[in-house]
Each structure stands twice: as structure tokens, then as C-alpha cells.
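**Student:** Dropping a structure here in C-alpha cells format, bear with me for questions.
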Amino acid sequence: MKYQLIMPSSIDHLRNAIIDKLMAISDKDYLTALNKLIETAVANNAADNSDKEELPKHVVEGIKRGQADMQAGRSISLEEFKQKLAAK
């Protein structure tokens, strides 16, 4: 099982900020160089994603136990957790 942490809002924000800046560039040579850079990055990203390491078995099992606990209603709020932690 492979997991990857992605924060869509920050990625979308960054992507949109870059697009806004690109729209202001009119130098064809500069844009051509950027395009080559982006094409290389996309190709490298695709290669990197194919080689992602899997999480260790004990980590995957812990995640599954946590998911089962949540589905069974075995959870507490952050405030309850903080109170229990402070009581120790």
C-alpha cells in the first residue's frame, strides 16, 4: 500500500501563482526555456512516482487499526486527548 501526503490547497495556490506570473512573460526565448524545464520536471516526476517506496508493514497495519477504530466509533476529540495527557 502506497501513501503520499498531498495538501491540495497549498499546491493549487502555488500552481495558480506561477501561472499568474507566467502570463506576464512575453519573451519567447525565456518561455521556451521554461517550457523545457517544466517538461523535464514532469518527466522526472513521472519517473519518481513509479519508484515510490512502500510503507513498512507495521506502519500499514497501524493505519488499518486506526481506520478500524474510527469506523467502530472508538475515537476521542483532541480536547479529550489533551486532558488525558495532562492527567498523566
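Just so it is clear, none of the values below were taken in a lab; they were calculated from the coordinates. None of the values given here were measured: they were computed from a predicted structure.
**Student:** Between Leu22 and Asp69, what length comes free when the chain is fully extended (0.36 nm per residue of separation minus the Cα-Cα distance, one decimal in nm)?
**Tutor:** Working: separation 47, 0.36 × 47 = 16.92 nm, distance 4.69 nm.
Gain on extension, Leu22 to Asp69, equals 12.2 nm.
**Student:** While we're looking at this one, here's another question. Between Leu55 and residues 5 or more places away or on another chain, which pairs have amide H atoms under 5 Å apart, with H built 1.01 Å from N, and which residues are they?
**Tutor:** Tyr3
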